[in-house]
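First the structure, in the form of structure tokens, and then the observations on it.
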């Protein structure tokens, strides 16, 4: 038997039911939707290799999701790096103009964060970045 539109549509419905139901429940729903017996759906399932197709599609979907996640992470790192570089530049300008008291620790923290992001490593959960900026005798803490 050659697969036709009715078989393909039945598979798509079967696949859309996800993994939350038992196979027998899914087969019953597909049978009811298509006006055929559960036995017929089990035959189509075997003949048209629905389990293989489901695994293959699940793998492809997982790969697409991983790629989207990777892209999102790279984009976020790029944005963070832009902010860090801009902050370092502003910090250096402020030091030169005398508007900020020089703190090696703050600059070191920014530099380490920049390097961690460039290397692709995430900072350890116990690595908290605290930057203190003092300007015009006022102090602000960003925690």
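One table, with the values for the structure above:
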| item | result |
| --- | --- |
| Selection status of residue 97, under 30 Å from residue 116 (Cβ atoms), out of contact with any helix residue (DSSP H, G or I) (no Cβ under 6 Å at 6 or more places or on another chain) and exposed (fewer than 10 other Cβ atoms within 10 Å of the Cβ) | yes |
| Residue in the range 59-79 that is surrounded by 13 or more Cβ atoms within 10 Å (Cβ to Cβ), in a helix (DSSP H, G or I), in the same structural domain as residue 116 (by TED's automatic domain parsing) and under 25 Å from the mean Cα position of the chain (by Cα) present | yes |
| Enumeration of residues in the range 1-14 that are surrounded by 10 or more Cβ atoms within 10 Å (Cβ to Cβ) and either in contact with a helix residue (DSSP H, G or I) (Cβ under 6 Å, 6 or more places away or on another chain) or not in a helix (DSSP H, G or I) (or both) | 3, 7, 10, 11, 13, 14 |
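The values are calculated or read from the model by the stated rules, or taken from the named source; none is laboratory data. In this text the structure is predicted, and so the values were computed from the model without any measurement. Backbone-built Cβ (ideal geometry, glycine too); neighbour counts: all protein chains shown.
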